[in-house]
């Protein structure tokens with residue numbers, strides 16, 4: 001009888017808190033389903049319909065199947081497939097800003113986390129390099145537009161030095177406009193990338209660096225044989241998130257080119273192209289462009305992940321896991 005009472009008392013005292021975890025994460029899933037998942041399915045659904053507005057007249061929704069997608073890949077009178085042109089523009093603008101972003105961020109991360117240098121005041125430097133990320137992209141774009149306009153200080157200074165004349169216009173030259181967009185993206189995001197990479201490097205056991213140095217490895221060998229393999233998950237995360245942000249690039253070129261993609265549409269991105277259809281309430285075409293952007297993002301993200309992570313995976317891991325010797 002006493003044993004039964006003791007067992008009952010233990011059952012009463014043991015309280016399960018597992019349900020509270022599900023209760024706490026429920027608001028996130030509710031918000032995700034309502035504001036993200038449902039709109040995604042509606043976007044895919046609308047991409048198969050013809051629905052737009054002409055003045056006050058609403059046309060559709062009429063089911064047209066894949067006609068919206070066919071229209072996107074149909075050449076214009078000049079023989080140009082616009083969505084491919086704008087996809088190439090987006091990729092060029094992102095690569096031009098991302099390459100220096102990751103190079104400078106990696107160098108700064110190695111510089112600030114070096115135990116040999118033991119730099120003081122790291123908190124101050126982290127704050128300084130992260131500050132451009134806090135500035136709104138639209139405000140940053142307006143600043144550059146003011147600096148490089150015909151009446152801006154850069155134009156006046158170069159004219160005074162005799163480098164250019166008054167007829168020169170930075171916004172009429174493809175290289176200069178693309179360079180400004182790439183420079184702004186670099187300045188806004190290299191600080192964030194630096195801090196994330198620093199966190200990843202600081203998570204690596206210092207004994208590994210000391211062992212490599214004792215074995216005679218130089219700085220370059222330590223970086224490629226120790227730092228980079230262990231930092232690869234963080235690096236892949238930074239690269240994929242930066243690529244997703246680059247594919248969705250909108251605010252900087254939109255403000256800098258006044259939405260026209262000057263010169264001759266060479267700075268118009270995929271999302272700017274999408275925004276043009278949203279202005280005319282053409283939900284069918286905008287939905288099709290959104291689906292294509294989603295597919296491009298998924299495919300490129302998968303390719304980058306496979307290429308960068310495959311070489312650092314242990315080929316014998318699966319063999320050991322089958323035998324139960326997981327290390």
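The values are calculated or read from the model by the stated rules, or taken from the named source; none is laboratory data. All figures in this text were calculated on a predicted structure; none of them were measured in a lab. So basically every Cβ, Gly included, is an ideal-geometry build from the backbone, and we count neighbours across all protein chains shown.
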Query raised in the report: What pairs can you find where one residue is in the range 289-311 and closer than 24 Å to residue 234 by Cβ, the other is modelled with pLDDT under 95 and in a loop (DSSP other than H, G, I, E, B), and their Cβ atoms are less than 9 Å apart, with a gap of 6+ or different chains?
Result: 297/248
Query raised in the report: Does the range 65-72 contain at least one residue that is under 25 Å from residue 223 (Cβ atoms) and loosely packed, with under 14 Cβ neighbours inside 10 Å?
Result: no
Requested in this report: Working only within the range 105-126, note down all residues that are loosely packed, with under 11 Cβ neighbours inside 10 Å and assigned to a helix (DSSP H, G or I).
Outcome: 123, 124
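Being out of contact with any helix residue (DSSP H, G or I) (no Cβ under 8 Å at 6 or more places or on another chain) and either surrounded by fewer than 17 Cβ atoms within 10 Å (Cβ to Cβ) or under 15 Å from residue 73 (Cα atoms) (or both) is the filter here, so list the residues in the range 277-293 that pass it. Write out each step before concluding.
Keep residues of the range 277-293 that are out of contact with any helix residue (DSSP H, G or I) (no Cβ under 8 Å at 6 or more places or on another chain), which gives 279-282.
Hits for the range 277-293 are 279, 280, 281.
Could you tell me whether residue 140 is part of a helix (DSSP H, G or I), surrounded by 13 or more Cβ atoms within 10 Å (Cβ to Cβ) and at pLDDT below 90?
Judged against the criteria, residue 140 is a match.
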Report summary line: Quick count over the range 161-179, residues being at pLDDT 90 or above and more than 23 Å from residue 249 (Cβ to Cβ), is 1
